[in-house]
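S.K.: I'd like to ask some things about the structure below.
The values are calculated or read from the model by the stated rules, or taken from the named source; none is laboratory data. These numbers were taken from a predicted model, which means no experiment stands behind them. Reconstructed Cβ throughout: ideal geometry from the backbone, glycine too, with neighbour counts over all protein chains shown.
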Amino acid sequence: MSSQLAVVTVTYSPGKHLEEFLDTLEDATELSMQVVLADNGSTDGTPEAAEQARDNVRLLRTGGNIGYGGAINRAVAELDPAAEFVVVANPDIRWGAGSIDELLKAAARWPRAGALGPLVREPDGTVYPSARHVPGLVSGAAHAVLGTVWPSNPWTTRYRQEDEQLTERGVGWLSGSCLLVRRAAFDSINGFDSRYFMYMEDVDLGDRLGRAGWHNVFVPSAEVTHAKGHAAGRHPELMLPAHHASAYRFQADRHPHWWQAPLRWALKGGLAVRSKVVVAAAVRNRAKDDEGN
């Protein structure tokens, strides 16, 4: 049974988070597990130190920063074929006691579950809306435009599902910060779409799993805490355009026909304008924060 579980995370100079990830992982399951660190070019030495200190940790260098989904795919391809389940998680996750065992129990209850996700808490204990609807063209655009200025708008409310009860249920997609994926399901759709360098790769994965007949299951009996690196706050001029580019790719892929070209043009133009606006605002806010410090 121990060989049926593997854990994969992507590292990029994760600092102290990686040690907390691995320490709390020991209490997340009673099973022994293989842990693979898909390293996208760390320079802080923490992945190397983790491999040296822990017998079950393997460092896999991807050869450069190939993105989150691409690095996960690379690591999964290296796993023992006997690994029936793979935990995919960010290195800044802190595991609740028994959280992976709870996900595995749910997987037994849902034999067509391709991905299962825990309740994700913010560092202050608040619940992060990690289980959501797949955004359509209209609802996604409305959420993007109105989400920050009118957070309670009906499109954002439906998309984020924050008002839903914390019950085990099928959902459209689950946060890629922490997932248990069934290897057969993951392989059946060729894993993550590596064209998504950052952002939306989890939305795309959940949507493609659903289209292939698998379920995405929210399991609130399993809990983790996501510390978050806040990279977007530090580098908004890089991260926010990447987010908008991924949002365009997601919808363009689902509206590929020639007669849908005007939709794609309008979406691309609208997202480009929104990207410039939000980047400018984020840069201004960062400058104010720097002045305050």
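S.K.: Within segment 58-79, which residues are closer than 11 Å to Thr11 by Cβ and of a type in the set (A, V, I, L, M)?
M.R.: Matches in segment 58-79: Leu59, Leu60, Ala71, Ala75.
S.K.: Can you pull out the residues in segment 195-207 that are surrounded by 20 or more Cβ atoms within 10 Å (Cβ to Cβ) and either within 14 Å of Val87 (Cα to Cα) or more than 14 Å from the chain's Cα centre (by Cα) (or both)?
M.R.: Correct list: Asp202 only.
S.K.: On to the next question. Residue by residue through segment 72-86, note down the ones that are of a type in the set (Gly, Ala, Ser) and over 20 Å from the mean Cα position of the chain (by Cα).
M.R.: Within segment 72-86, the subset of a type in the set (Gly, Ala, Ser) is 75, 77, 82-83.
Ala82, Ala83, listed by residue number.
S.K.: Name every residue in segment 206-216 that is touching a strand residue (DSSP E or B) at 6+ places or on another chain (Cβ under 7 Å) and assigned to a helix (DSSP H, G or I), in order of residue number. Write out each step before concluding.
M.R.: Just the residues of segment 206-216 that are touching a strand residue (DSSP E or B) at 6+ places or on another chain (Cβ under 7 Å), to begin with: 206-207, 209-210, 214-216.
The answer is Gly206, Asp207, Leu209, Gly210.
S.K.: Of the conditions (1) at pLDDT below 65; (2) of a type in the set (Ser, Thr, Tyr); (3) outside any helix (DSSP H, G or I), Thr156 clears all except one; give me its number.
M.R.: (3)
S.K.: Something else about it: Go over the candidates Val76, Val35, Val10 one by one and state the one that is touching a helix residue (DSSP H, G or I) at 6+ places or on another chain (Cβ under 6 Å) and either outside any loop (DSSP other than H, G, I, E, B) or not aliphatic (A, V, I, L, M) (or both). Spell out how you get there, then give the answer.
M.R.: Values: Val76 fails: touching a helix residue (DSSP H, G or I) at 6+ places or on another chain (Cβ under 6 Å); Val35 fails: touching a helix residue (DSSP H, G or I) at 6+ places or on another chain (Cβ under 6 Å).
Sole residue among the options that is touching a helix residue (DSSP H, G or I) at 6+ places or on another chain (Cβ under 6 Å) and either outside any loop (DSSP other than H, G, I, E, B) or not aliphatic (A, V, I, L, M) (or both): Val10.
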